[in-house]
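Peer 1: Before we start, here is the structure in question, set down as structure tokens.
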Amino acid sequence: MQQFFFSASKEFGAEVTRLLDFVHPATVALWNLRWQVQGFVAATGNATDDDLSDRFGSGSGFPARNLKKSCIETPWADQMEQFAQIVAANVIALYESWAEEVFKNQIGMHGMHHKWVQFPSRGINGRQEKGVRDVLADIHSAGVSPEMQSAFFPVYSASKWNSFAHLDEMVVLYRYHKEIRNSFMHSGGRASKLAEDAWSNASGLTRADVGGRRNPIVTQVTEGQRIAYTMEQASDLAAVIIRLIHSIDAELSSSAYGEQYFLNAWSSWSELAKYKALPSDPIQRDRRIAKICRKVGFVAPADPAAVIALGRSVGLVN
């Protein structure tokens, strides 16, 4: 999952991995804590909250308050919903942050593009403003680099997470989850009209539509009613955002913006002068170019000659 072009995409990959690496064992740990607390209370018959805190919180550095309420009185499904909300809120924030960093800072498109990639394209579900494919069309209209298309696009686009053909459908599913997130944050978990509309748009999506391994889990959302949300749904959301970023990141790699980003990274490399002269032997020359690309933060190119042509055009290699 870590094979990304932009540094913001790599940072996203690291952060979402860190989040999921925490949530998965934390979920299992909570399940086991519930069993242990229930067993301890059943065995002692009169365990107090202080007894439970001493028994299960000792050494953690954090007081274990209200374990009876958390582990006995609170249904497991309610706690899973809380975990699911944590995952959803965080992965959506990561996607929003990634979009702003890539489009505003690393590409330099200081418009609404970082917002529009969070919506399906114009004409989808009645949308009148630009959306994700419109953003990519704007970027491609500014120029596609033949060298980047030949050197890097084949590698980045080959990721198993690349689902470019399903961009709009994935964003429709993302909108469903985001409006649910918004309802939890702003309406106490009761669905807004936007959330109901987003559910209606996403309710017919299948595995074939979104390019996933299974049909997305989309439960009915009705305006004014409380929303039920599960860890399975949060997992769907995380997977679709990962695939969105892989797909968009790969597309951007072949753009004129991607070319400039690559050349900027190469030209600012501290060891640039050391590797400026390329070997005369073709095999050694290709290996040197692959090494340079990896050193400056990219993959070994599918076409080293294209990278050499780029480097020579701006004086980075002889």
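Peer 1: Between residues in the range 18-45 that are not assigned by TED's automatic domain parsing to the domain that holds Ile242 and residues that are part of a helix (DSSP H, G or I) and surrounded by fewer than 12 Cβ atoms within 10 Å (Cβ to Cβ), which pairs lie under 8 Å by C-beta distance while being six or more apart or on different chains?
Peer 2: Trp31/Trp76; Arg34/Trp76
Peer 1: To continue, here is another question. Restricting to the range 2-21, give me the number of residues that are in a loop (DSSP other than H, G, I, E, B) and either touching a strand residue (DSSP E or B) at 6+ places or on another chain (Cβ under 6 Å) or small (Gly, Ala, Ser) (or both).
Peer 2: Going through the range 2-21 one residue at a time, the tally reaches 0.
Peer 1: Do we have any residue at all in the range 160-181 that's part of a loop (DSSP other than H, G, I, E, B), surrounded by fewer than 18 Cβ atoms within 10 Å (Cβ to Cβ) and hydroxyl-bearing (Ser, Thr, Tyr)?
Peer 2: Scanning the range 160-181 turns up no residue that is part of a loop (DSSP other than H, G, I, E, B), surrounded by fewer than 18 Cβ atoms within 10 Å (Cβ to Cβ) and hydroxyl-bearing (Ser, Thr, Tyr).
Peer 1: Going residue by residue through the range 68-80, is there one that turns out to be surrounded by fewer than 19 Cβ atoms within 10 Å (Cβ to Cβ), closer than 30 Å to His140 by Cα, in contact with a helix residue (DSSP H, G or I) (Cβ under 9 Å, 6 or more places away or on another chain) and without any contact (Cβ under 8 Å) to a residue 12 or more places away in the chain?
Peer 2: So far as the range 68-80 goes, no, none of its residues is surrounded by fewer than 19 Cβ atoms within 10 Å (Cβ to Cβ), closer than 30 Å to His140 by Cα, in contact with a helix residue (DSSP H, G or I) (Cβ under 9 Å, 6 or more places away or on another chain) and without any contact (Cβ under 8 Å) to a residue 12 or more places away in the chain.
Peer 1: Looking at the range 81-93, can you tell me whether even one residue there is touching a Leu at 6+ places or on another chain (Cβ under 7 Å), buried (at least 16 other Cβ atoms within 10 Å of the Cβ), touching a residue at least 12 places away in the same chain (Cβ under 8 Å) and not hydrophobic (A, V, I, L, M, F, W, C)?
Peer 2: For the range 81-93, residues touching a Leu at 6+ places or on another chain (Cβ under 7 Å), buried (at least 16 other Cβ atoms within 10 Å of the Cβ), touching a residue at least 12 places away in the same chain (Cβ under 8 Å) and not hydrophobic (A, V, I, L, M, F, W, C): present.
Peer 1: Can you tell me which residues in the range 60-78 are part of a loop (DSSP other than H, G, I, E, B) and modelled with pLDDT of 90 or more?
Peer 2: Thr74, Pro75 - these are the residues of the range 60-78 that are part of a loop (DSSP other than H, G, I, E, B) and modelled with pLDDT of 90 or more.
Peer 1: Now, a different point. Go through the range 144-156 and count every residue that is outside any helix (DSSP H, G or I) and over 17 Å from Arg294 (Cα atoms).
Peer 2: So the answer is 2.
Peer 1: Just to check your reading of the model, which residue among Ile283, Ile292 is out of contact with any strand residue (DSSP E or B) (no Cβ under 9 Å at 6 or more places or on another chain), hydrophobic (A, V, I, L, M, F, W, C) and in contact (Cβ under 8 Å) with a residue 24 or more places away in the chain?
Peer 2: One residue alone meets the criteria, Ile292.
Peer 1: Take the residues in the range 252-274 that are of a type outside the set (A, V, I, L, M) and surrounded by fewer than 18 Cβ atoms within 10 Å (Cβ to Cβ); name whichever of them is nearest to Gly315 (Cα to Cα).
Peer 2: By that ranking, first place goes to Ser267.
Peer 1: Using beta carbons and a limit of 6 Å, which pairs, at least six apart or on different chains, have the first residue in the range 143-168 and at positive phi and the second one among the small types (Gly, Ala, Ser) and outside any strand (DSSP E or B)?
Peer 2: What qualifies is Gly143/Ala256.
Peer 1: Right, here's the next one. Starting from residues that are part of a loop (DSSP other than H, G, I, E, B) and of a type outside the set (Gly, Ala, Ser), keep the ones in the range 264-283 and report whichever is nearest to Ser7 (Cα to Cα). Quick ask: steps written out before the conclusion?
Peer 2: Keep residues of the range 264-283 that are part of a loop (DSSP other than H, G, I, E, B), which gives 268-272, 276-281.
Still in the running and of a type outside the set (Gly, Ala, Ser): 269, 271-272, 276, 278-279, 281.
Details: Trp269: 15, Glu271: 19, Leu272: 19, Lys276: 24, Leu278: 26, Pro279: 29, Asp281: 32 Å.
The extreme case among them is Trp269.
Peer 1: Out of the residues in the range 107-120 that are surrounded by fewer than 21 Cβ atoms within 10 Å (Cβ to Cβ) and not hydrophobic (A, V, I, L, M, F, W, C), state the one that is farthest from Tyr176 (Cα to Cα).
Peer 2: Going through the qualifying residues, I end up with Gly108.
Peer 1: Pick from Asp303, Asp249, Asp286, Asp236: which is closer than 12 Å to Phe5 by Cα, surrounded by 15 or more Cβ atoms within 10 Å (Cβ to Cβ) and among the charged types (D, E, K, R)? So that I can check it myself, show each step before the final result.
Peer 2: Working: Asp303 fails: closer than 12 Å to Phe5 by Cα; Asp286 fails: closer than 12 Å to Phe5 by Cα; Asp236 fails: closer than 12 Å to Phe5 by Cα.
Checking each option against the conditions leaves just Asp249.
Peer 1: Within the range 204-249, can you find the residues that are assigned to a loop (DSSP other than H, G, I, E, B) and polar (S, T, N, Q)?
Peer 2: Thr206, Asn215, Thr219, Gln220, Thr222, Gln225, Thr230
The values are calculated or read from the model by the stated rules, or taken from the named source; none is laboratory data. Not measured: the values here are computed from a predicted model. Virtual Cβ from ideal backbone geometry, glycine too; neighbours counted across all protein chains shown.
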